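Here is the structure we will look at, set down as structure tokens.
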Amino acid sequence: MPSVSSLYKSIQTRLGAWYDVYQRPLPWRQEVSAYHVLLSEVILQQTRVDQGTAYYHRFTEAFPRVEDLANASEDEVLLLWQGLGYYSRGRNLRRAAQIIVSEFGGELPRTPEGLSRLPGVGPYTRGAILSFAYDLPYPTVDGNVYRVLSRLFALTEPIDTTSGQKKYWELAEALLDRKHPSRHNQALIELGALVCLPRRPRCAECPVVEYCEAHRRGLEERLPIKQGKIKVLPRYMYYFLVRIEDGEGRKCLIRRREGRDIWHGLYEYPLIESGETPLSIEALTESEDFAQLTASLRSPRFHPIPLATHAHRLSHRQIYASLFLLECEGLIGSPVYQVVPEEEQSAYAFPVLIQRLLEKIR
């Protein structure tokens, strides 16, 4: 039976040789820089590679240098980010660029301590920047790597617990090819993305299948293990397309979401929420929020049949949204909304939910 060190060496060699042949020609691998790695890794959090690639091109064209991103407004960044979800990532990316420019002279730090000062840069992204961009010996553990390691060594510790994550990171550190850390880390990720799939893994194509303990035991599709599932709760949202017809063209009301709720910093139409309980049309129009909205409009005309409805799933919420038309001839007083021409709405970053509602109208 081989020693642990020789086993690890064999795995490193097989993985590296496989990666040299089968790696995907992803754009951030073609022109490697720490800034490009930062962009790609933040974009790819919670995002598929095929979708993230389009956004990566969008960002590198708009902000070819980290200084360009640092000088951008939040609205500019969120407009480009529109559709990716988890918008705090976009805001953190911009703030990180500002810190890189102001505190590090435009160069990403080469130490975990320096990278830890950047908002939105956690352990995985730190390891990715240090190894992918600088070829420094630091491990990276993402969802793909959790899956590969759990199967390769038949680990049953849940990957969503502190103790489980600690064990996986320690194993990734021990397995790391310190002579070729960039290639090794990306090979593990690529193996999980192309071969060691969540369902129906392609074991016949795996370069390290002969070392895989889960394959030997027939446990491939049972691993990795998660401790528990997130409880998904309903949330009902009623939007109003307030259309102003004042002789100067169609206008509508929008506002920027504030606070710490979902979609912070994005724009939306006037909104009434009812929490986890749906509202009838009668209850909606008799609510205090509806009275306050219509009181700010001149000659309001409410259309009780929704223009569109859409169900939108978030990680912890199932949102049921409706969009109603509310026409008026002008405003009374100074509401907390911006008045914008309807044809100029595309200049504002809306949540995907509202985009889907509008698509259904069109």
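Quick notes
- Farthest positive-ward along the stretch 132-190 dipole, Cα basis, beta-carbon charges - from W169, V145, H184: H184
- Percent RCO, i.e. relative contact order, over the stretch 84-239, from Cα pairs under 8 Å lying at least 6 residues apart: 23 percent
- Secondary structure note: in the chain, about 65% of the DSSP beta bridges are antiparallel.
- Straight-line reach from K9: taking Cα to Cα under 18 Å and skipping same-chain neighbours fewer than 8 places apart, the aspartates and glutamates in range are D20, E170, E173, D177, E210, E213.
- Axis angle, to the nearest 10 degrees, between helix 4-22 and the longest C-alpha principal axis of the chain: 60 degrees.
- Residues in the stretch 182-199 that a label on D50 would reach, taking backbone N under 17 Å of a point 7 Å out along Cα→Cβ: 193-195, 197-199
- Helix 143-152 vs. the chain, principal-axis angle (Cα, 0 to 90°, nearest 10): 30 degrees
- Environment charge of H184, counting only residues whose C-beta is closer than 9 Å and scoring Lys/Arg +1, Asp/Glu -1: +2
- Contact order normalised by residue count of the stretch 40-110, Cα under 8 Å, 6+ apart, percent: 31 percent
- Electrostatic bookkeeping for C196 treats Lys and Arg as +1 and Asp and Glu as -1; over the other residues with beta carbon under 10 Å from its beta carbon, the sum is 0.
- Summing Lys and Arg as +1 and Asp and Glu as -1 over all other residues whose Cβ lies under 15 Å from the Cβ of G265 gives a net charge of +2.
- Total charge dipole magnitude, the chain, about the Cα centre, Cβ charges on Lys, Arg, Asp, Glu only, Debye to nearest 20: 1460 debye
- Average accessible surface area per residue within the chain, 1.4 Å rolling probe, Å²: 50 Å²
- Trypsin sites (Lys or Arg not before Pro) restricted to the stretch 6-82 and DSSP loop, no more than 10 other C-beta within 10 Å: R48
- Relative to the current alpha-carbon distance between E213 and R250, full extension at 0.36 nm per residue lengthens the span by 6.8 nm.
- Longest segment of the chain lacking GluC sites (Glu not before Pro) that sit in a DSSP loop with at most 11 other Cβ atoms within 10 Å: 32-247
- The chain: angle of helix 88-104 to the longest principal axis, Cα-based, in degrees nearest 10: 70 degrees
- Stretch gain in nm, segment Y86-E31, where the contour uses 0.36 nm per residue and the Cα spacing is subtracted: 17.1 nm
- Loop trypsin sites (Lys or Arg not before Pro), the stretch 207-305, which have at most 10 other Cβ atoms in a 10 Å radius of their Cβ (DSSP): K229, K231, R260
- Normalising the average separation of contacting C-alpha pairs (under 8 angstrom, six or more residues apart) by the number of residues puts the relative contact order of the chain at 16 percent.
- Furthest towards positive pole of dipole, S33, A72, T125, structure part the stretch 1-146, Cβ charges: T125
- Cβ-placed point charges (K, R +1; D, E -1), dipole of the stretch 222-362 about Cα centre in debye, nearest 20: 1100 debye
- Expressed as a whole percent, the accessible area of the chain that falls on carbon and sulfur atoms is 50 (1.4 Å probe).
- Taking a point 7 Å from the Cα of R95 along the Cα-to-Cβ direction, the residues of the stretch 244-284 with backbone N closer than 19 Å to it are 257-267.
- Proximal lysines relative to K226, as straight alpha-carbon distance under 22 Å, when same-chain residues fewer than 8 apart are discounted: K166, K167
- Taking amide hydrogens as placed 1.01 Å from N in the peptide plane, the amide H of C252 sits under 5 Å from those of I244, V340, E342, each at least 5 positions away in sequence or on another chain.
- Between R200 and T162, full extension at 0.36 nm per residue minus the direct alpha carbon distance yields a gain of 10.9 nm.
- Restricting the trypsin sites (Lys or Arg not before Pro) of the stretch 167-202 to loop positions (DSSP other than H, G, I, E, B) with no more than 14 neighbouring Cβ atoms within 10 Å leaves R178, K179, R199, R202.
The values are calculated or read from the model by the stated rules, or taken from the named source; none is laboratory data. Keep in mind that what you see is a predicted model, and the values were worked out from it rather than measured. Cβ coordinates were reconstructed from backbone atoms using ideal geometry, including for glycine residues, and neighbour counts include every protein chain displayed. When the accessible area is computed, the model is the full protein with side chains, heavy atoms only, and any ligands, DNA or RNA have been set aside. Shrake-Rupley method; radii C 1.70, N 1.55, O 1.52, S 1.80 Å.
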